[in-house]
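Trainee: Below are the structure tokens for one structure; questions will follow.
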Amino acid sequence: MLEAYTLYSGSSGNCIFVRNGSTCILIDAGRSQRAIQTALSSLGADLDSVSAIFLTHEHGDHTKGLDVISKTYKIPVHITYPSYADLVKADTPLCECAQVHDVIYQVECGDLTIKSFPIPHDSAQNVGYIISNGEFTLGIATDMGYVTTKIAEELSKCNKVIIESNHDIEMVKKGPYPKFLKDRILSNHGHLSNEICAKLCVYLAECGIDQITLAHLSRENNTPDLAYTTSKNALDQAGYNIILRVAGPETIVKAIG
Ligand SMILES: [Zn+2]
Ligand SMILES: [Zn+2]
């Protein structure tokens, strides 16, 4: 049975836990080892049982716990070449754990197949993941400047997705951030707005996806209610009644089931 949980989500740290029977993996480790361990233990899991960590990109909100986890648990960390070059220092525990790949790669892990695809973002590289146990397929895509044809195509093949609904465009424009930061967030290499996410939700529902979890919400430029209602209204208007959830920054949200 494929299970997925967002343990932490947003600019204060990101970590997704995926389990299929005895195979456990993490997507990103953007919180401390202790915080990740605490979240895992409430799901009856622990870092000892994690077979691999798959990194989306090198930003701190996705990698914060990696050094300590690599030192303690020596879990293989799958990472693309550009993110590796930017993040990993020679002769460190992380360097020893790193499994470096081209931007598009595929890894078998227990009964799971994990495949990456590129996502435009202001990092050396960013990727999303398609995770399949042969029966169900989960797509993960966050930190998205915009939705490329490739992203839409990859996500359309899934049954369940975790996608970014980062900000409300008006809240960013009227908010306290300096202009350069506003420009960055709203650019093609920034983050995905609620408005565009809502359009993506409708497209994915059209393609047969029946569960969507909205993730990586901005604390300053969004609210869980606003993210939810923007996508929910768009889905309702298009006549799709699918399961829509919102990942919390600190609360565990079940993304499948
Ligand atoms: Zn990022
Ligand atoms: Zn991020």
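None of the figures in this text is laboratory data; all of them are computed from the coordinates on show. Quantities reported herein were computed from a predicted structural model and do not represent experimental measurements. Methodologically, a virtual Cβ is constructed for each residue, glycine included, from the backbone with ideal geometry; neighbour enumeration extends over all protein chains shown.
Trainee: By how many nm would the segment from E170 to T229 lengthen if fully extended, with 0.36 nm per residue of separation less the alpha-carbon distance?
Mentor: Extra length available between E170 and T229 comes to 19.7 nm.
Trainee: Using the per-residue mean of other Cβ atoms lying within 10 Å as a proxy for protection, in what order, highest first, do the peptides 201-208, 114-121 fall?
Mentor: Packing proxy ranking, top to bottom: 114-121, 201-208.
Trainee: Between segment 204-234 and segment 140-161, what's the alpha-carbon centroid distance in Å?
Mentor: Comparing the Cα centres of segment 204-234 and segment 140-161, I get a distance of 14 Å.
Trainee: Something else: From the helices alone, meaning DSSP H stretches of at least four residues, give me the mean residue ellipticity at 222 nm for the chain, per-run term -39500 (n - 2.57), in deg cm²/dmol to the nearest 500.
Mentor: Helices in the chain give a 222 nm mean residue ellipticity of -9000 deg cm²/dmol.
Trainee: To continue, here is another question. Measuring from label point to label point, each 7 Å out along Cα→Cβ, what is the K74 to Q106 span in nm?
Mentor: 3.0 nm
Trainee: Can you list the lysines whose alpha carbon is less than 19 Å from that of K115, not counting same-chain residues fewer than 8 positions off?
Mentor: Partners within reach: K150, K157, K160.
Trainee: Hey, can you rank 80-88, 44-52 by average C-beta count inside 10 Å, highest first?
Mentor: 80-88, 44-52
Trainee: Still on this structure, I have one more. Evaluate the charge dipole of the chain about its Cα centre and quote only its size in Debye, nearest 20, assuming +1 on the Cβ of each Lys and Arg and -1 on the Cβ of each Asp and Glu.
Mentor: Result for the chain is approximately 380 debye, rounded to the nearest 20.
Trainee: In degrees from 0 to 90, rounded to the nearest 10, what is the angle of the helix 224-238 Cα long axis to the longest principal axis of the chain?
Mentor: 60 degrees
Trainee: Provide the percentage of antiparallel DSSP beta bridges, counting only those with both residues in the chain; round to the nearest 5. Present the calculation step by step, with values, prior to reporting the outcome.
Mentor: Details: 27 of 51 bridges.
In the chain, approximately 55 percent of DSSP beta bridges are antiparallel ones.
Trainee: Out of all DSSP beta bridges with both ends in segment 1-122, state the antiparallel percent to the nearest 5.
Mentor: Values: 15 of 25 bridges.
Expressed as a percentage, antiparallel bridges in segment 1-122 total about 60.
Trainee: Short version: ³J(HN,Hα) in whole Hz for each residue of segment 100-105, in order, from phi by Karplus 6.51 cos²θ - 1.76 cosθ + 1.60 (θ = phi - 60°), x for Gly and Pro, what are they?
Mentor: 8, 9, 4, 4, 9, 9
Trainee: Report the net charge of residues surrounding S156, where surrounding means a beta-carbon distance below 11 angstrom and charges are Lys +1, Arg +1, Asp -1, Glu -1.
Mentor: -1
Trainee: Same structure again: Quick one: helix 194-206 against the long Cα principal axis of the chain, what's the angle to the nearest 10°, folded into 0 to 90?
Mentor: In the chain, helix 194-206 runs at an angle near 80 degrees to the longest axis.
Trainee: Oh, and also: Would segment 77-187 count as rounded, prolate or oblate if I go by the C-alpha gyration tensor, calling it rounded below 1.5 in a/c and otherwise prolate when a/b exceeds b/c, oblate otherwise?
Mentor: Since a/c reaches 1.5 but b/c is at least a/b, the shape of segment 77-187 is classed as oblate.
Trainee: Another question, if that's okay. Order these peptides, 164-173, 223-232, by their mean beta-carbon neighbour count within 10 angstrom, highest first.
Mentor: Values: 164-173: 21.6, 223-232: 18.2.
Descending mean neighbour count gives 164-173, 223-232.
Trainee: I've got another one for you. Obtain the nm distance between the two label points defined at H189 and Y81 by a simple spin-label model: each point lies 7 Å from its Cα along the Cα-to-C-beta direction.
Mentor: 1.9 nm
Trainee: Once you keep just the Cα pairs under 8 angstrom separated by 6 or more residues, what percentage relative contact order results for the chain?
Mentor: 18 percent.
Trainee: Next up: Tally Lys/Arg at +1 and Asp/Glu at -1 over every other residue whose Cβ is under 14 Å from the Cβ of Q99; what's the total?
Mentor: -2
Trainee: Which residues' amide hydrogens lie under 5 Å from the amide hydrogen of R245, considering only partners 5 or more residues apart or on another chain, with H built in the peptide plane?
Mentor: Amide H neighbours of R245, under 5 Å, 5+ apart: I212, T213, L214.
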